[in-house]
Amino acid sequence: MMNLPLGMILLLVVSVLIYFGLAQRILDRMRMTDKQALLFIAGIIVGSFIDIPLMRTPVDVSINVGGALLPALLCFWLIYKADETAERVRAVLAAVLVAAAVFLGSRYLPYEPENMFLDPKLIYGLAAGIIAYIAGRSRRSAFIGGVLGIILSDIVHMVTLTGLGIPGTTAIGGAGAFDVVIIAGTVAVMIAELVGETREKLQGGPVLGPNRPEGLYEFSKEIQPTSKKDNEKNADGNASENTSESTSGSRGEKSE
């Protein structure tokens, strides 16, 4: 287990959590079912071995199916499914900020991994996850920002090499399941879940609203405000009780 790359370890851990139903609340927020999430993870692992060439000269560019194509498609689907325009804007902003941070880090951090205090993938993944959550402020936006931000940074690297006329190679999501894309997306959602759960416990439950999945109210039914219909029903019930009591009282007087 210790010899496996961090990205693969994270995918295995997430798969176990999903299989045993321990990630249901996260999946509710991500608009995904258990089967969809497990199929997506399986697709990432299989697609990690598939590279699609995009360009040969002057820069050799390819995109990995599991490390970039499938995660990007999921992000676009999540953006489409977003309930509010503000959430879409935050997700795109998070992706841009992550891409800028990774690009600047690649320029100013040491090129040799052995000269860094942590593995570069871990540094970029953690930084991307933190930035994505701060800018996105929700689990979906954080995931989108972390994943698309890393992919966008690879594209920026490709454009830079092409503009400078420097021969090189750019593999967008090239390491597949072992790539920073997976680390960034997972870390972003984990931070969002940790902070989100803490905030919900402090405020007594999730924020209620029309754009939240039904499953999110599972643990907060006791704090839901009484609806207008319920109030009218209770009022009618009380009125009926009062009427029946008065009727029985008047009958008692007559019988006496």
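Using the structure shown, decide if residue 176 is modelled with pLDDT under 85, surrounded by 24 or more Cβ atoms within 10 Å (Cβ to Cβ) and small (Gly, Ala, Ser).
Details: modelled with pLDDT under 85: yes; surrounded by 24 or more Cβ atoms within 10 Å (Cβ to Cβ): yes; small (Gly, Ala, Ser): yes.
Yes, satisfied.
Scanning segment 44-64 for residues that are in contact with a Lys or Arg (Cβ under 9 Å, 6 or more places away or on another chain) and either over 25 Å from residue 135 (Cβ atoms) or in contact (Cβ under 8 Å) with a residue 24 or more places away in the chain (or both) turns up nothing. Please determine, by comparing only the residues of segment 124-181 that are among the β-branched types (Val, Ile, Thr) and not in a helix (DSSP H, G or I), which one is farthest from residue 66 (Cα to Cα). Looking at residues that are among the β-branched types (Val, Ile, Thr) and not in a helix (DSSP H, G or I), I get 166. Any residue at all in segment 105-128 that is modelled with pLDDT of 90 or more and either in contact with a Lys or Arg (Cβ under 9 Å, 6 or more places away or on another chain) or among the β-branched types (Val, Ile, Thr) (or both)? The answer is no; no qualifying residue exists. Residue 226 meets the conditions (1) in a helix (DSSP H, G or I); (2) modelled with pLDDT under 55 in every case but one. The failed one is (1).
If residue 205 satisfies every condition in (1) part of a helix (DSSP H, G or I); (2) at pLDDT below 85 but one, which is the exception? Checking residue 205 against (1) part of a helix (DSSP H, G or I); (2) at pLDDT below 85, the one that fails is (1). Within segment 1-42, the residues that satisfy the criterion of being part of a helix (DSSP H, G or I) and under 25 Å from residue 169 (Cα atoms) are 6, 7, 8. In the set 106, 48, 62, only one residue is among the hydroxyl-bearing types (Ser, Thr, Tyr), closer than 28 Å to residue 162 by Cα and in contact with a Leu (Cβ under 7 Å, 6 or more places away or on another chain); that residue is 62.
Yes/no per residue for (1) surrounded by fewer than 20 Cβ atoms within 10 Å (Cβ to Cβ); (2) part of a strand (DSSP E or B); (3) among the polar types (S, T, N, Q):
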site	(1), (2), (3)
53	yes, yes, no
63	no, yes, no
71	no, no, no
80	yes, no, no
89	yes, no, no
97	yes, no, no
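The values are calculated or read from the model by the stated rules, or taken from the named source; none is laboratory data. Quantities reported herein were computed from a predicted structural model and do not represent experimental measurements. We place every Cβ from the backbone using ideal geometry, glycine too, and count neighbours over all the protein chains shown.
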